[in-house]
Each structure stands twice: as structure tokens, then as C-alpha cells.
There are 2 protein chains.
Amino acid sequence: MTSLPIRGVGEFERRGLRDRVYDLILEMLLEGDVEPGTRLSIDTLAKDLDVSPTPVREAMVQLERTGLVTREALRGYRVAPPLGEEQLAELFEARLMLEVEATRLATRRADELLPPLREALAHHARESERVVERLGRGAVPLSLTRAYFDSDLEFHRTIFRASGNRYVQEMYDSLGALTHRMRQAVIRGPRDVHEAAAEHRAIVEAFASGDPSAPERAMRSHIENVRDRAVEDVDAE
Amino acid sequence: MTSLPIRGVGEFERRGLRDRVYDLILEMLLEGDVEPGTRLSIDTLAKDLDVSPTPVREAMVQLERTGLVTREALRGYRVAPPLGEEQLAELFEARLMLEVEATRLATRRADELLPPLREALAHHARESERVVERLGRGAVPLSLTRAYFDSDLEFHRTIFRASGNRYVQEMYDSLGALTHRMRQAVIRGPRDVHEAAAEHRAIVEAFASGDPSAPERAMRSHIENVRDRAVEDVDAE
DNA sequence: CGCTCTTATTTCCTATAGGATCTTCGATAT
DNA sequence: ATATCGAAGATCCTATAGGAAATAAGAGCG
């Protein structure tokens, strides 16, 4: 039983065809260039992806959970309609609850959390600067926007991981797709980006302060600001 | 366009075979007489239920979300192992967050909430008495235990409905199966039942009091008590 | 001209079949 | 007796095919 240094043999996360199909369709939906209400024909998708309908069918069941597609029995799947005003409000309400609670729980492990959180903060700051720089010279490329939001998400996920509660984390993930799709919209201007970066910094400092209630206050303030900035977007339409 | 009194034509919730299969397997799992770790063979299930593997496969994807079954790609599904001590703690942590938040939100609509909540309370009280009566004369039949827990669940769901937040509600449902399975265990004695009923009453009175922070305090206290009673169960093993 | 009924096509839904992989059991060698 | 190897069985996974329902288009009638 010589334990060879071949780690990862058991870690090779085996993924069936269904998982790959799921990723592909999810990416397509998050890309955002499919109109809401569009029918997602199983057979057509299967042909396009060059697989049989069965794995596509399984992937769609999984996608139902994300809220990105709707299903009507015997009538097929459709791309979910965009979030209405009420749903947007409810989504932020739920997100506020989750983020504040995760932050509160993560405060117990502030020591372990701080190093990776500082790293995530630095990453987000770099992406922010790149976006701001581009904003000065016209439209921001999609790839940059994407990298920016990814770094933002990673910051928050770092906190959720430190919460030590798998259920809270799962709930956040289940809202993730909707959240992502909502903010897919646009980056309004350099002010938003700067504000977000500053608020992230404030959260890290709150964790470092040692005040046990400071982090959740900072997070609450951040999410409320994100909400307000998003609402301004909608109103501007 | 004579609107005939045939209501329900549009309300006939059409359900595919997949949905019925899902219900059947879910019920089997909640019944609790299947050992954790047991393999859930797709083909075998399909034969037992006298359907083809495809709808079974879809139902299993959906069940994965409830946490009642685990999946390993290319190796099939298994009945999920029972909740460990940590998971139990995390589950209650998450539930506490959800219930308190839902209560807080529902306070905005206390007027609409109170009538149905009083009804749910009365129902729960009746079931409590039936259980207590039986407890005096030996073991409680499964059907009674079940009816009791259903009435308990209905009380809480009434509050979640009044929260007006579909995402919070969905999160609660997604924890529902695990919660149900956990407390499936036993009813320890008449004291637990009486305490739970009294706490429910206190929650209703808190809603009726007009004090905006009273309901969430009452709910927090209730869930913490439920947790403590459940932990005593585990320790008693 | 508008409405209804019919017809055809598309699509979902389920069933059956076969290849790849994992598990289990038994045999063999050390 | 233990461990290793090999083969048979079971199971997952994917593909193909056909029936049922829904959508869309067109003909006939008021």
C-alpha cells in the first residue's frame, strides 16, 4: 500500500456528457444574446450540439433550477422572461439576507478569510482599473466586462466559502445565474466601478478591524448601494 | 363566447410522467424506510414503476437538488447519508436565517396574514392534542405523526407565503426535504409537542401585537428551541 | 371579409436497444 | 490463507425510433 504521490486519481471529477451540455447551454444563456421567450427545442439543441436528446433533457431539468429557463409540461422550454420590477426587488431582498448572514458567519473566521479576501480585492481592483481605462475611450469589450464581473463574484464567493455553511452557499449559487444575468446589462460609468471597489475595500477593512459587527454593516451598505445603482439603471430606460 | 361554468379547464395543471415519477420516489424517500447508501438503480426503478428510464432519469436530476440523493457520474445515484452533526448545525443556521427573515418580511402584511395563520395554528393545536393523547397509550401511529408534522410545516409555510418573496420561499422549500427527513425521527414526548404549540401561539400573538420587532423575536426563539430539542434527541442516542 | 374546421408539420415525450464502464464473484498463484 | 487476476453480470449512459400532443397554415363556409 505504498501511497504514491499521484494525487488526483480520485479527484478527477468525472463528468458525464450531461454536465458538459449543461455548461454549454448555461454559457449560451448567460452570454445574453438570446431573446427571452425563445423556445428551446430539445431536439434542435441536441442536433446543434451533436448529442442525443437525453442528456439535453437532463441538462434542462438542471437549468430549470437556475430560473433561466421555464418549463411547461408537454409544451417545452423557453428562455425565461427578464426580471420584472417586483422580482428585481425580491431578488435583492434575498441577496441582502444571504450576503449579510454569510458575512456575519464568516466573521468567526476572519483570520483565515483575510488573506484570500485581500487577494480577491486586489484582483477586483486591477480589473476595475482596466475597465475604467477603457471607459475613457468608448465602449468596453465584452471580455473585459466579463472579467470584471467575474472578479466581483469571486470576492463575494470568497466570503461565502468562509461562512462555513454549505446551505447558505448553495442558496447563493442558486441565485447566481439570475444575478449575473441582471447585471449583465451594462457598466454605466466610471463612478459605479470606483464606488464598488471602494466598498469592497471597506468590507475588507471591517474584517480586519476586529469589530464583530463592522463587516456585516459594511456588507449591508454595499449591497444596498449595488441595488440602488441597479435601480437607477432600470429607471434610466 | 359563452363562458361556461367549467372552471378548471385552464387550471388543469398538466403534469408529465416525469412529475409523477418524481412524487413517487420523493414519497418513498421521505417515508424513511430506505437505508442511506442504498443504490437507486435507474433501470430497476424504471421497471418497478413500470416506466422507461428516461422520465426516471429526469426525476433523479430533480431529486439531486433536494439533497436526498447523491450522484456520482457514471456510478449512479444513492440514498444520501444521514445528516452529520455539522450538517445539522448548518441546516439549523440556514433555517434560522430564512425563518427570521420571512417573519420580518411578513410583518409588513400582518393583517392579511393573521386569519390564515390563526387557522393554521388551530389545526396544529388539534393535531398536537391527538398526538399527546396517543402518546399516553404507547406508540404513535405513523399516520398521526405525519399529520402532525404536516400541520407544523403548514404553519411555517403560511408565514413564508406572506413574506411576499418568492426566492426566500424557494430556498425554504429546497431545505424542506432535508428538514423533514431529519425530524422524521421521533416525537420524544408530550413536553415537546406542548412547547411547540405554545411557541406557535406566541408567534401569532406577536403578529397581532403590532410591535414590528416582536414576530421575528418570537420566531427566532422558536427555531432555537426546535434546534435545542432536536440536539437533545441526537445526544440521547 | 372573418371565422371555423381540417390538415400537415413540428416538437415533446416515452420506449427500446446497444456500447462502455463498474462491480462482483470465482479461480489461480504465491 | 491471502492477494491478485480475470470473467460474468449488472448498471450507467447514449442513441435511435415512434406515438401523442400542440402549433401553424390553408381550405371551406357564413
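The values are calculated or read from the model by the stated rules, or taken from the named source; none is laboratory data. All values derive from a computational prediction rather than experimental measurement. Note that each Cβ is placed from the backbone with ideal geometry, even for glycine, and that neighbours are counted across all protein chains shown. We work out accessible area using only protein heavy atoms, side chains counted, and drop any ligands, DNA or RNA first. Shrake-Rupley method; radii C 1.70, N 1.55, O 1.52, S 1.80 Å.
Below are the figures for this structure:
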quantity	calculated
Å² of accessible area per residue within region A:45-133, as computed with a 1.4 Å probe and no ligands counted	50 Å²
CD proxy at 222 nm, helix term only [per DSSP H run n ≥ 4: -39500 (n - 2.57); per residue of chain B; nearest 500]	-23500 deg cm²/dmol
7 Å along Cα→Cβ, label-point gaps from residue A:195 to other copies, nm, shortest first	4.8
Using θ = phi - 60° and Karplus 6.51 cos²θ - 1.76 cosθ + 1.60, couplings along region A:152-168 (whole Hz; Gly, Pro as x)	5, 4, 4, 4, 5, 5, 4, 5, 4, 4, 6, 5, x, 10, 5, 6, 4
Global form of region A:63-138, assessed from the alpha-carbon gyration tensor, a/c cut-off 1.5	oblate
Region B:112-126 - phi-based ³J(HN,Hα) in whole Hz, Karplus 6.51/-1.76/1.60, Gly and Pro as x	5, 6, 4, x, x, 5, 5, 5, 4, 4, 4, 4, 4, 5, 4
Across the identical copies, how the residue B:125 labels are spaced - nm, sorted shortest first, 7 Å along Cα→Cβ	6.1
Residue-wise HN-Hα coupling along region A:53-66, computed from phi with Karplus coefficients 6.51, -1.76, 1.60 (Hz; x: Gly, Pro)	x, 4, x, 4, 4, 5, 4, 5, 4, 5, 5, 3, 5, 7
Interface residues, region B:156-184 - accessible area loss of 40 Å² or more versus chain alone, probe 1.4 Å	B:165, B:166, B:167, B:171
The protein assembly as shown: translational diffusion in µm²/s, Stokes-Einstein, Kirkwood Rh over Cα pairs, 37 °C, 0.692 mPa s	131 µm²/s
Centroid-to-centroid separation of region B:46-113 and region A:185-233 [C-alpha atoms, Å]	32 Å
At least 20 Å² accessible surface lost relative to isolated chain, residues of region A:65-106 (1.4 Å probe)	A:65, A:71, A:73, A:74, A:87, A:90, A:93, A:94, A:97, A:101
Cleavage-rule hits, trypsin sites (Lys or Arg not before Pro), region B:58-115, DSSP coil, Cβ neighbours within 10 Å at most 14	B:75
Rg to Rh quotient for chain B, alpha carbon positions, Kirkwood Rh	1.01
Per residue value of the accessible surface for region A:138-237 (all protein chains in place, 1.4 Å probe), Å²	46 Å²
